[in-house]
Amino acid sequence: MGVAGAPLGLLGGSFDPIHQGHLQLARDALKQLPLDEIRFIPAAQPWQKGPMTGAEHRARMVQLAIVGEPRFALDMHEIERGGITYTIDTLRDLRLALPDRPLVLLMGSDQFARLDTWRGWKQIIEAAHIAVAHRAGISLQQGPALQAVVDGHRGTVASIATHTGGSIVEFAMTPVEASATEVRRLLKEPASAERAQRLSVMVPAVVLDYIDSHHLYRN
């Protein structure tokens, strides 16, 4: 099948809240992969996670975090669809809308190691390329079922632009010590200079301002 248009990067997640790790992964992907843009896709209700902050807040935090990044965009597809979020459903919808455009699903190595627990995970690899961010000197770890599929779909950066999907590639990510779990934990602590300094490294200031003004993550 021929391709039409430059590859489109897709970065999904709960973004509860979005942090510098998400942003660095996307920036590194843009530098190393032939992507036209990256769409940040907040999940409505991830099937592997429990209750979370309201979708409108999570989407707004993403929107604020990517201001000034012309090749980043907020995609409300999953939130507007509502209900339990499965990546394979989103990819099928996008494939219908963009039948000939390469789609590149971006994810961290920890996520990728659990890919074989996702609904329709083998179909995910056929519906899009998968680009896995890894830290220098750390090899991907996965079980035998996933490893067998990886071995059959290992691709190159060039293959991302010449096929609509089906390749698994790696790219290097600049280390960032940030996680949404740690951010939420810190936000529940009493205010202190140390807390403020740690949060300022993990989360964009404009997102911290939004969190504070809407009294998020306090309980």
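The values are calculated or read from the model by the stated rules, or taken from the named source; none is laboratory data. Because the structure is predicted, anything quoted here is derived from the model rather than measured. Neighbour counts run over all protein chains shown; Cβ positions are idealised from the backbone, glycine included.
General observations
- Residues of segment 144-167 that are among the hydroxyl-bearing types (Ser, Thr, Tyr) and farther than 16 Å from residue 8 by Cβ: 156 alone.
- Criterion applied to 183, 203, 157 was being modelled with pLDDT of 95 or more, within 21 Å of residue 26 (Cβ to Cβ) and in contact with a Leu (Cβ under 8 Å, 6 or more places away or on another chain), and the one residue passing it is 183.
- Residues of segment 1-21 satisfying the condition of being under 9 Å from the mean Cα position of the chain (by Cα) and either surrounded by 23 or more Cβ atoms within 10 Å (Cβ to Cβ) or in a strand (DSSP E or B) (or both): 10, 11, 12, 13, 15
- When the criteria are applied in full, residue 107 fails the requirement of being surrounded by 17 or more Cβ atoms within 10 Å (Cβ to Cβ) and touching a helix residue (DSSP H, G or I) at 6+ places or on another chain (Cβ under 6 Å).
- Qualifying residue in segment 113-128 (condition: in contact with a strand residue (DSSP E or B) (Cβ under 6 Å, 6 or more places away or on another chain), closer than 28 Å to residue 217 by Cα, not in a helix (DSSP H, G or I) and not polar (S, T, N, Q)): no
- Total residues in segment 22-38, condition assigned to a loop (DSSP other than H, G, I, E, B), in contact (Cβ under 8 Å) with a residue 60 or more places away in the chain and over 20 Å from residue 126 (Cα atoms): 0
- Lone qualifier among 41, 66 - being in contact with a His (Cβ under 7 Å, 6 or more places away or on another chain), closer than 24 Å to residue 182 by Cβ and either free of Cβ contacts under 8 Å to residues at least 60 places away in the same chain or among the acidic types (Asp, Glu) (or both): 41
- Matching residues, segment 189-219, being in a loop (DSSP other than H, G, I, E, B) and closer than 18 Å to residue 68 by Cα: 203, 204
- Number of the exception - residue 164 against (1) closer than 16 Å to residue 28 by Cβ; (2) crowded, with 21+ Cβ neighbours inside 10 Å; (3) touching a Lys or Arg at 6+ places or on another chain (Cβ under 9 Å); (4) β-branched (Val, Ile, Thr): (1)
- Qualifying residue in segment 142-157 (condition: surrounded by fewer than 17 Cβ atoms within 10 Å (Cβ to Cβ), of a type in the set (D, E, K, R) and either closer than 30 Å to residue 17 by Cβ or in contact (Cβ under 8 Å) with a residue 40 or more places away in the chain (or both)): no
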